[in-house]
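See structure below.
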Amino acid sequence: MAQQVLHRVRPGVTAAAAVTAALTAALLQAPGAAAQPASAGGPDGHGDVRQGGAPSGISTLAGKWTFPWGMSFLPKTAKALVTERYTSAVWLQKSDGGRKKVGTVPNTVADDGDATTASGGLLGVAVPPTWNGTTDKDVFFVHTTATGTRVVKMRFDGTSLSGYTVVLGGIKFHSDHNGGAIAFGPDGYLYVTTGDALDKTTPQDKNSLNGKILRITRTGAAAPGNPFGNRVYSYGHRNAEGLAWDSRGRLWEVEIGGSQWDELNLVEKGGNYGWPACEGKCSTAGMKNPKSVWKPEAGGVPSQIAIVNDVIYVSTLRGERLWRLPIDATGKAVGTATSYYSGAYGRLRALAKVPGADQLWLGSSNGPGQDAIYKIDIR
């Protein structure tokens, strides 16, 4: 089992602070409530932006979680597999609030020997769109082990997990910057984010698996059509933890930067996203600029991303808020960012769109037993 790490627990709040947070949340849920001014960068292009699709209410779906990290829905259902980072547990969360532990991912290790800077653990989860629990039982995870970061698959029959097969190893693991997002794209292939593992030489090395977005088959091979003939789809990433596709099939990603800028990127095949030469926007030839940026201390450190009706939603850790960024008419830029729930629920990470509904599930990341998964209606 993964080592439990308590250093990331959000400090306890006073009763007065709790009341303030509750009032803030209530105001943001109220009809016609004004959204907070955005501090993120504005559009990177021109064209009308979608004006609708804003959060209209938030409620607690399930409490007493411990650092939920990844969330992936079973096809055509409102049931999701949810990972817990430091317990290595996998849960089946239902839309009525009920949940059941379905197993653990073995060999998970949450740090590399220094518990004061522990990272890694059990990270992303991806359920294939073809999963049915009978003829197709495979589900996929990213986790860190004593020897590195791995993409693995297990079997899930709708009730419990079994088996354990390494799909892709050889990814460096360090005390931080381990990426961990995994998702099936519209093309049916797996996309995986990997961090630079605190080694700035890896993101620009096209033969390294670190600092990348990888595109692989279900067996871990390079997907056909990859730009460099290997598993790499894009490179120059520092620590990306969120992936989502819009209605045009375009891939969007959020990335935790260094001390200056965090990023929202529109990812192109073979694109170089700059790290470590660039952080935020820069003029270096051949490197892609982000579509929006945040100062880490001003609502930043974005973790995950979901898209509802071509409006992007981003959860943040240090920022303790949910950002809304509408994609413009060109599909290549975003409009002004608006924030919601600032400070009301602490650090926010796990985020996913509910299939067939204009609804998000959002998980906090504050500490053992302190976390919850929230349901947000989008109207």
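Here, each number is a calculation from the coordinates, and none is a lab measurement. Since the model is a prediction, treat every value here as computed from it, not as a measurement. Quick reminder, even Gly has a Cβ in these numbers, built from the backbone with ideal geometry, and neighbours come from all protein chains shown.
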Task: Cβ crowding within 10 Å averaged over residues, with 366-378, 289-301 ranked highest first - done: 289-301, 366-378
TODO: State the Cα centre-to-centre distance between region 344-379 and region 273-319 in whole Å.
DONE: 20
TODO: Starting from the Kirkwood radius over alpha-carbon pairs of region 34-378, derive D by Stokes-Einstein at 20 °C in a medium of 1.002 mPa s and give it in µm² s⁻¹.
DONE: 109
TODO: Quickly work out the Ser283-to-Thr130 label distance, labels modelled 7 Å from Cα along the C-beta direction, and quote it in nm with one decimal.
DONE: 4.9
Task: Proximal charge balance of Asn230 [Cβ under 15 Å; K/R count +1, D/E count -1] - done: +4
TODO: Calculate the length of the line joining the C-alpha centroid of region 122-196 to that of region 56-98, in whole Å.
DONE: 17
Task: Whole-number percent relative contact order across region 262-319, with pairs defined as alpha carbons under 8 Å at least 6 apart - done: 32
Open item on the list: If I stretch the segment between Asn309 and Ala146 completely, what's the gain in nm (0.36 nm per residue apart, minus their alpha carbon distance), one decimal?
Closed with: 54.6 nm
- [ ] Output the peptides 76-82, 187-193, 317-323 sorted from most to least packed, where packing is the average of other Cβ atoms within 10 Å over each peptide's residues.
- [x] 317-323, 187-193, 76-82
Task: Stretch gain in nm, segment Thr165-Asp187, where the contour uses 0.36 nm per residue and the Cα spacing is subtracted - done: 5.6 nm
TODO: Taking only the C-alpha atoms, wrap a convex hull around region 203-264 and report its volume per residue in Å³ as a whole number.
DONE: 98
TODO: Express in nm, to one decimal, how much length is gained between Thr217 and Asp199 on full extension, taking 0.36 nm for each residue of separation and deducting their alpha carbon distance.
DONE: 3.8 nm
